[in-house]
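See structure below.
The values are calculated or read from the model by the stated rules, or taken from the named source; none is laboratory data. All of these numbers come straight from a predicted model, not from anything done at the bench. Here the Cβ is made from the backbone with ideal geometry for all residues, glycine too, and neighbour counts use every protein chain on show. We work out accessible area using only protein heavy atoms, side chains counted, and drop any ligands, DNA or RNA first. Shrake-Rupley method; radii C 1.70, N 1.55, O 1.52, S 1.80 Å.
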Amino acid sequence: MNPPMERPQPTSDDAAPTQQSNLTQLAAIDLGSNSFHLLVARFEDDELQVVARCGEKVQLAAGLDTHNHLNEAAIERALTCLARFLPHLEEVAHERRRVVGTSALRTARNRQSFVTRAEALLGCRVEIIPGEEEARLIYLGASQALTTRERRLVVDIGGGSTEFIIGDPSGPRLLKSLDVGCVTHTRRHFSDGAVTEANMRRAEADVLARLECILPSYRELGWGEALGSSGTIKAAASVLASRDGKAGVITIGGLRELRKQLIDCGDLDRIALAGLKPDRSRIFPAGVAILGAIFEAFELITMNYTDGALREGVLLDMMAREKTQNA
């Protein structure tokens, strides 16, 4: 089992670049459909110690047109964000950087135009990873700090896709990625800006229909604990914690109350909830609709939020590969 990643240290390292730091630091960049994230960590004594962590909302998926071409504005937002990441990469050797693109870049027909420019900027390869590889890495990141040995269901709602994994301490057993995310679902079901009962029901029904094909195998294998990672689930847990003080726990009752409150707001531009970051408010109803449908389909009562996700999984995977190569 991979060693646990320590809690984040300060977000910058004031030490001057050295040959040793180049040899011990690893960097992961997650080119998500909603946000880009950078995580830099130092590899010491078989553990990863976080050196820098940052993220920025890019909404790459929002730049896809009806023909699945990324517009130039979205590409420029993405490259500008990556340029801001560069100072954090100065002490990381180019071959020790891993950059992964997910749903929006899997979908974009002109992705190579962005990839070529991003690789020139970052000085390393940009990988567009399949949905199942994304799910595997998410599970690795989400489960790295857990000590229980029970089988678990991990759900990660992103901007363009949602990953479902059942695994145990030995690794993932079932992996699936569905093309439904909070950015793309907002465009599909809340394009008029209204948050109504009808829009929420349509959004939920869409997810339930997509889940039908995977539910039998997941139910057959079963799980003991449900975990959620990434932005939408983190936001839902934060809003609910601001009400009941239970950090990191989402309940079916709390989710239903949250759904009602969003409908009462009535409009994407009028959503302002304690615990919810303003830059997530417009895509939050779609995220809650996706999460509510998942609770219904998998018959969940509670879900616990976990900090780890794709970028942590990427670093842990890199570390495991290096250990194998050096063995």
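So the values come out like this:
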{"quantity": "Test: residue in the stretch 134-144 that is closer than 30 Å to His67 by Cβ and aromatic (Phe, Trp, Tyr)", "calculated": "no"}
{"quantity": "Criterion violated by Gly254 - all others in (1) surrounded by fewer than 16 Cβ atoms within 10 Å (Cβ to Cβ); (2) without any contact (Cβ under 8 Å) to a residue 24 or more places away in the chain; (3) on the phi < 0 side of the Ramachandran plot satisfied", "calculated": "(1)"}
{"quantity": "Checklist (1) open to solvent by 50 Å² or more (accessible area, probe 1.4 Å); (2) under 20 Å from Met303 (Cβ atoms) applied to Pro130, failing item", "calculated": "(2)"}
{"quantity": "The lone exception for Gly308 - which of (1) within 30 Å of Gln49 (Cβ to Cβ); (2) at pLDDT 95 or above it fails", "calculated": "(2)"}
{"quantity": "Leu291 part of a helix (DSSP H, G or I) and under 16 Å from Arg202 (Cβ atoms)", "calculated": "yes"}
{"quantity": "Odd one out for Gly101, checked against (1) within 23 Å of Val51 (Cα to Cα); (2) more than 20 Å from the chain's Cα centre (by Cα); (3) not hydrophobic (A, V, I, L, M, F, W, C)", "calculated": "(2)"}
{"quantity": "Every pair of residues 6+ apart whose Cβ atoms lie under 6 Å, when the first sits in the stretch 96-107 and is within 12 Å of Gly159 (Cβ to Cβ) while the second is part of a helix (DSSP H, G or I)", "calculated": "Thr102/Glu134; Ala104/Leu60; Ala104/Ala61; Leu105/Arg111"}
{"quantity": "Single unsatisfied condition, Ala203 versus (1) within 25 Å of Val100 (Cβ to Cβ); (2) touching a His at 6+ places or on another chain (Cβ under 9 Å); (3) of a type outside the set (Ser, Thr, Tyr)", "calculated": "(1)"}
{"quantity": "Near pairs, Cβ below 6 angstrom, 6+ apart or cross-chain, from the stretch 62-80 (free of Cβ contacts under 8 Å to residues at least 60 places away in the same chain and surrounded by 13 or more Cβ atoms within 10 Å (Cβ to Cβ)) to any residue that is part of a helix (DSSP H, G or I) and of a type in the set (Phe, Trp, Tyr)", "calculated": "Ile75/Phe114"}
{"quantity": "Residue among Arg282, Arg243 that alone is within 20 Å of Asn34 (Cβ to Cβ) and in a helix (DSSP H, G or I)", "calculated": "Arg282"}
{"quantity": "Enumeration of residues in the stretch 99-127 that are surrounded by fewer than 21 Cβ atoms within 10 Å (Cβ to Cβ) and assigned to a strand (DSSP E or B)", "calculated": "Glu127"}
{"quantity": "Answer from Ala62, Ala83, Ala78 - the residue that is small (Gly, Ala, Ser), over 20 Å from the mean Cα position of the chain (by Cα) and part of a helix (DSSP H, G or I)", "calculated": "Ala83"}
{"quantity": "Residue selected from the stretch 275-296 under the condition open to solvent by 70 Å² or more (accessible area, probe 1.4 Å) and under 21 Å from Val249 (Cβ atoms), by the criterion modelled with the highest pLDDT", "calculated": "Glu296"}
